[in-house]
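This report concerns only the one structure given below.
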Amino acid sequence: DSICYTWLIRTLAENRQHVLAVGDTGTAKSVTVSRTLKFGMPEHFDAIFTGFSAQTSANMTQDIIDDKFDKRRQGKRDGLEFLMHGPPIGKYSVIFIDDI
């Protein structure tokens, strides 16, 4: 089963589709997803790993994700400079959130 799930996760991620892995406790969902993202993706994919708990806030999640992204100046809008956050140029980011 894990070979099928690995192929499915990789195919969906490469085609920029969202993936939600659900199932009973102890069925290796986290292991399968994290192993696929670490070792089974092309080099132009970067994986960001984070987990949720009862203490995780929206601001904490935003900070974790923003810290992993590059910050690039995008110019000015209405006289104010603004930054754009995103993966390094030429790469794609896949964010794995464990225990939603």
Fill in the blank from the handout: If we keep only residues of the stretch 42-64 that are polar (S, T, N, Q) and either within 25 Å of Trp7 (Cα to Cα) or out of contact with any strand residue (DSSP E or B) (no Cβ under 8 Å at 6 or more places or on another chain) (or both), then the residue least open to solvent (accessible area, probe 1.4 Å) is Thr50
Problem - Pairs with Cβ under 7 Å, 6+ apart, first in the stretch 81-100 and in contact (Cβ under 8 Å) with a residue 40 or more places away in the chain and over 18 Å from Phe39 (Cα atoms), second in a loop (DSSP other than H, G, I, E, B) and open to solvent by 50 Å² or more (accessible area, probe 1.4 Å) - result: Gly90/His44; Asp99/Phe52; Ile100/Phe52
Practice task
Among the candidates Ala47, Ala28, Ala21, single out the residue that is at positive phi, in contact (Cβ under 8 Å) with a residue 12 or more places away in the chain and not hydroxyl-bearing (Ser, Thr, Tyr).
Solution key: Ala28
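Examine the stretch 65-77 for a residue that is surrounded by 14 or more Cβ atoms within 10 Å (Cβ to Cβ) and either over 13 Å from the mean Cα position of the chain (by Cα) or aliphatic (A, V, I, L, M) (or both), and state whether such a residue exists.
yes
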Exercise for the section: Any chance you could count how many residues in the stretch 1-17 are modelled with pLDDT of 90 or more, exposed (fewer than 11 other Cβ atoms within 10 Å of the Cβ) and among the charged types (D, E, K, R)? Expected result: 1
Problem - Unique match (being assigned to a helix (DSSP H, G or I), within 14 Å of the chain's Cα centre (by Cα) and of a type in the set (Gly, Ala, Ser)) among Ser93, Ser30 - result: Ser30
Practice task
Pick out the one residue from Leu20, Leu80 that is exposed (fewer than 10 other Cβ atoms within 10 Å of the Cβ), within 14 Å of the chain's Cα centre (by Cα) and modelled with pLDDT under 90.
Solution key: Leu20
Problem - Hey, Lys91 in contact with a Pro (Cβ under 9 Å, 6 or more places away or on another chain), charged (D, E, K, R) and open to solvent by 70 Å² or more (accessible area, probe 1.4 Å) or not - result: no
Practice task
Starting from residues that are without any contact (Cβ under 8 Å) to a residue 12 or more places away in the chain and assigned to a strand (DSSP E or B), keep the ones in the stretch 56-80 and report whichever is farthest from Arg10 (Cα to Cα).
Solution key: Leu80
Fill in the blank from the handout: Per the filter on the stretch 1-34, residues in contact with a Ser or Thr (Cβ under 6 Å, 6 or more places away or on another chain) and closer than 17 Å to Thr50 by Cα are Thr32
Exercise for the section: Check Ser53 against each of (1) more than 29 Å from Gly90 (Cβ to Cβ); (2) free of Cβ contacts under 8 Å to residues at least 24 places away in the same chain and name the one condition it does not meet. Expected result: (2)
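The values are calculated or read from the model by the stated rules, or taken from the named source; none is laboratory data. Just so it is clear, the model here is predicted, and its values are computed rather than measured. FYI the Cβ positions are ideal-geometry reconstructions off the backbone, even for glycines, and counts take in every protein chain you see. For accessibility, only protein heavy atoms count, side chains too; no ligands or nucleic acids. Shrake-Rupley method; radii C 1.70, N 1.55, O 1.52, S 1.80 Å.
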